[in-house]
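A quick write-up on the structure given underneath.
The values are calculated or read from the model by the stated rules, or taken from the named source; none is laboratory data. Just so we're clear, the structure is a prediction, and the values are computed from it rather than from any experiment. Backbone-built Cβ (ideal geometry, glycine too); neighbour counts: all protein chains shown.
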Amino acid sequence: MKRLVIVCEGPTEQEFCKDILTSYFLEKGIWLEAPTIKHSNGGIVAWDTLKKQLVNHLNEGDVLVSLLIDYYQIKDSYNFPGWAESKRIENIFDRMYFLFDKMKEGIGAKYQARFIPYIQLHEFEGLLFSDITVFPQNFTKDELDFGILEDAIQKSNTPEEINNAPHTAPSERLKRAIKGYDKIVYGSCLASEIGLETIRYKCKLFNNWIERIESYK
């Protein structure tokens with residue numbers, strides 16, 4: 001059985017990996033482990049710091065290593081490979097693939113074959129907009145302002161393209177739409193309700209990541 005380590009930005013991504021991705025990959029003969037970023041105990045860090053953890057996992061033996069972090073939270077000062085150059089690429093998906101290529105180069109030739117770079121556009125919560133019809137099934141009218149979710153969908157071509165500004169990022173929209181929103185608990189539960197197949201269909205960058213993991217030999 002193949003071993004896969006996905007380094008998660010925080011507990012929200014970690015719960016998603018445990019509750020949604022673990023069983024899926026297990027059926028593919030892939031054993032998944034999902035630690036959070038150790039240096040911050042959850043929370044994005046500079047590339048050099050993150051790279052050390054990725055390399056440590058890669059040095060554990062015959063293991064495939066990836067990561068699940070939010071594009072929205074990465075600062076210029078974190079010096080991710082190709083970050084400054086990527087800003088000149090207008091198409092957001094082309095920009096992400098450019099960053100993936102640069103991260104692969106940045107990990108070092110020794111590890112490139114077993115490293116699958118990934119950054120979630122714009123943040124994990126964007127995946128939860130893949131099917132907003134599940135929200136009224138899980139929250140009362142008093143708890144949910146469904147119009148906020150509808151507005152997000154109408155103004156974006158895909159869930160992954162929902163605006164990443166401070167007040168319009170997917171997580172901020174969910175906080176306004178749902179009273180007492182708990183991102184760790186609700187995120188995994190809603191993703192389960194939506195289903196991995198639907199998320200993959202609606203979110204092409206995320207789907208490409210899953211396919212790259214599956215195709216590793």
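Looking at the structure I just gave you, is residue 42 surrounded by fewer than 19 Cβ atoms within 10 Å (Cβ to Cβ), in the same structural domain as residue 205 (by TED's automatic domain parsing) and out of contact with any helix residue (DSSP H, G or I) (no Cβ under 6 Å at 6 or more places or on another chain)? Break it down into steps so the answer makes sense when it comes.
Working: surrounded by fewer than 19 Cβ atoms within 10 Å (Cβ to Cβ): yes; in the same structural domain as residue 205 (by TED's automatic domain parsing): yes; out of contact with any helix residue (DSSP H, G or I) (no Cβ under 6 Å at 6 or more places or on another chain): no.
No, not satisfied.
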Residue count for the range 151-165, restricted to those that are in contact with a helix residue (DSSP H, G or I) (Cβ under 7 Å, 6 or more places away or on another chain) and either closer than 12 Å to residue 129 by Cβ or not polar (S, T, N, Q) (or both): 7
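Rundown of residues vs (1) over 27 Å from residue 43 (Cβ atoms); (2) not in a helix (DSSP H, G or I), yes/no style:
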residue	(1), (2)
128	no, no
136	yes, no
147	yes, no
150	yes, no
176	no, no
184	no, no
209	no, no
216	yes, yes
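State yes or no: is residue 191 touching a helix residue (DSSP H, G or I) at 6+ places or on another chain (Cβ under 9 Å), within 21 Å of residue 118 (Cβ to Cβ) and not charged (D, E, K, R)? Steps first, answer last, please.
On the way: touching a helix residue (DSSP H, G or I) at 6+ places or on another chain (Cβ under 9 Å): yes; within 21 Å of residue 118 (Cβ to Cβ): yes; not charged (D, E, K, R): yes.
In short, yes.
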Top-ranked residue of the range 105-116 - restricted to ones that are in contact (Cβ under 8 Å) with a residue 24 or more places away in the chain and part of a helix (DSSP H, G or I), ranked as surrounded by the fewest Cβ atoms within 10 Å (Cβ to Cβ): 105
Every residue from the range 19-39 that is without any contact (Cβ under 8 Å) to a residue 40 or more places away in the chain and either at positive phi or surrounded by fewer than 16 Cβ atoms within 10 Å (Cβ to Cβ) (or both): 23, 26, 27, 29, 31, 35, 38, 39
Residue match in the range 117-140 (condition: crowded, with 19+ Cβ neighbours inside 10 Å, modelled with pLDDT of 95 or more, of a type in the set (Gly, Ala, Ser) and in contact with a Leu (Cβ under 6 Å, 6 or more places away or on another chain)): no
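From 205, 174, 128, which residue is assigned by TED's automatic domain parsing to the domain that holds residue 42 and touching a residue at least 40 places away in the same chain (Cβ under 8 Å)? Spell out the reasoning first.
On the way: 174 fails: assigned by TED's automatic domain parsing to the domain that holds residue 42; 128 fails: assigned by TED's automatic domain parsing to the domain that holds residue 42.
One residue alone meets the criteria, 205.
Each row is one residue, and each column tells you yes or no for (1) small (Gly, Ala, Ser); (2) touching an Asp or Glu at 6+ places or on another chain (Cβ under 8 Å); (3) assigned to a helix (DSSP H, G or I); (4) within 30 Å of residue 185 (Cβ to Cβ).
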{"site": "81", "(1), (2), (3), (4)": "no, yes, no, no"}
{"site": "88", "(1), (2), (3), (4)": "no, no, no, no"}
{"site": "98", "(1), (2), (3), (4)": "no, yes, yes, no"}
{"site": "118", "(1), (2), (3), (4)": "no, no, no, yes"}
{"site": "122", "(1), (2), (3), (4)": "no, yes, no, yes"}
{"site": "125", "(1), (2), (3), (4)": "no, no, yes, yes"}
Every pair of residues 6+ apart whose Cβ atoms lie under 6 Å, when the first sits in the range 190-201 and is of a type in the set (Ser, Thr, Tyr) and in a helix (DSSP H, G or I) while the second is modelled with pLDDT of 95 or more and surrounded by 15 or more Cβ atoms within 10 Å (Cβ to Cβ): 198/130; 198/131
Tally of residues being touching a residue at least 40 places away in the same chain (Cβ under 8 Å) and polar (S, T, N, Q) across the range 149-171: 4
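Return yes when residue 172 is over 14 Å from the mean Cα position of the chain (by Cα), assigned to a helix (DSSP H, G or I) and over 21 Å from residue 73 (Cα atoms) and no when it is not. Can you show your working first?
Details: over 14 Å from the mean Cα position of the chain (by Cα): yes; assigned to a helix (DSSP H, G or I): yes; over 21 Å from residue 73 (Cα atoms): no.
For residue 172, the condition - over 14 Å from the mean Cα position of the chain (by Cα), assigned to a helix (DSSP H, G or I) and over 21 Å from residue 73 (Cα atoms) - is not met.
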Test: residue in the range 83-97 that is loosely packed, with under 13 Cβ neighbours inside 10 Å and touching a residue at least 12 places away in the same chain (Cβ under 8 Å): yes
